[in-house]
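Okay, so here's the structure we're looking at.
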Amino acid sequence: MNPAERAALLDHAGWPPGLWRAAVPARDDLDALWPDEALAMTRARAPRRADFVAGRIAARAALVRMGLPAGAIRQGADRAPVWPEGVVGSITHAGGLAVAAVGRSTDWAGVGLDLERDTPLDAETGAAILRTDEGQTDPLATFGAKEAAFKAQFPATGAMIGFDAARVCGDRVHLDGEGTDALPPPWRDRALPLHQWRASGWILSLCAVPAAGGS
């Protein structure tokens, strides 16, 4: 994806204010990592390293655009990024491209991103993603929406919920299905705002959940 195509994916008017983002092509260059970050990649294969490096570069670029200094973004025990205090964010990568988005925790309770190549899913995979009460006809877009919702809620809840836990309806992802009884009250039965954009053969999905009294 060239710079113009990356801009087409990220610079939509519907992007929520109060979030900063960046996109970076994959690059297998461990020298681009901070020492604390490189520890997570000592045994990783080249494709995983390239995605990880690009994701960290994109995340640091987003933090700088937010007005914060660049620094190491370690990988936690659950493999999720460890953001600076007061920051929530998400990193996604697919097809040689990484995208990151960050915001202030005073504004956002959670942020989740998912990036997918815009290619049809097979019928079996689609059936595993769609709930019978969704009425969705686009399994790939639904997959991206649910992945973004999972990533938005996970840092706050630690819950490993599946596709049946979430129901996509228009511009909301409802956490009202299997396994959501275990979610803490602020997240149980919650409708997460959904933004999706299709451009240049990609689908980018964003769940940005406002904090109480935030954006």
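Quick check: anything in the range 171-181 over 20 Å from ILE129 (Cβ atoms) and either loosely packed, with under 14 Cβ neighbours inside 10 Å or under 16 Å from the mean Cα position of the chain (by Cα) (or both)?
Scanning the range 171-181 turns up at least one residue that is over 20 Å from ILE129 (Cβ atoms) and either loosely packed, with under 14 Cβ neighbours inside 10 Å or under 16 Å from the mean Cα position of the chain (by Cα) (or both).
For the subset of the range 185-200 comprising residues that are in contact with a Ser or Thr (Cβ under 8 Å, 6 or more places away or on another chain) and farther than 14 Å from GLU147 by Cα, which member is surrounded by the fewest Cβ atoms within 10 Å (Cβ to Cβ)?
ASP189
Within the set of pairs 6+ apart or on separate chains, which have a first residue in the range 69-83 that is on the phi < 0 side of the Ramachandran plot and not assigned by TED's automatic domain parsing to the domain that holds ALA40, a second that is outside any loop (DSSP other than H, G, I, E, B) and hydrophobic (A, V, I, L, M, F, W, C), and C-beta atoms under 7 Å apart?
Note: no pairs meet the criteria.
Could you list all residues from the range 136-171 that are out of contact with any Phe, Trp or Tyr (no Cβ under 8 Å at 6 or more places or on another chain) and of a type in the set (S, T, N, Q)?
Of everything in the range 136-171, those that are out of contact with any Phe, Trp or Tyr (no Cβ under 8 Å at 6 or more places or on another chain) and of a type in the set (S, T, N, Q) turn out to be GLN136, THR137, THR142.
Does the range 129-144 hold any residues that are surrounded by 13 or more Cβ atoms within 10 Å (Cβ to Cβ) and of a type in the set (Gly, Ala, Ser), and which are they?
ALA141, GLY144
With the structure loaded, tell me whether VAL53 is in contact with a helix residue (DSSP H, G or I) (Cβ under 7 Å, 6 or more places away or on another chain) and in a helix (DSSP H, G or I) or whether it fails that test.
yes
The values are calculated or read from the model by the stated rules, or taken from the named source; none is laboratory data. Remember, it's a predicted structure, so these values are computed and weren't measured experimentally. Note that each Cβ is placed from the backbone with ideal geometry, even for glycine, and that neighbours are counted across all protein chains shown.
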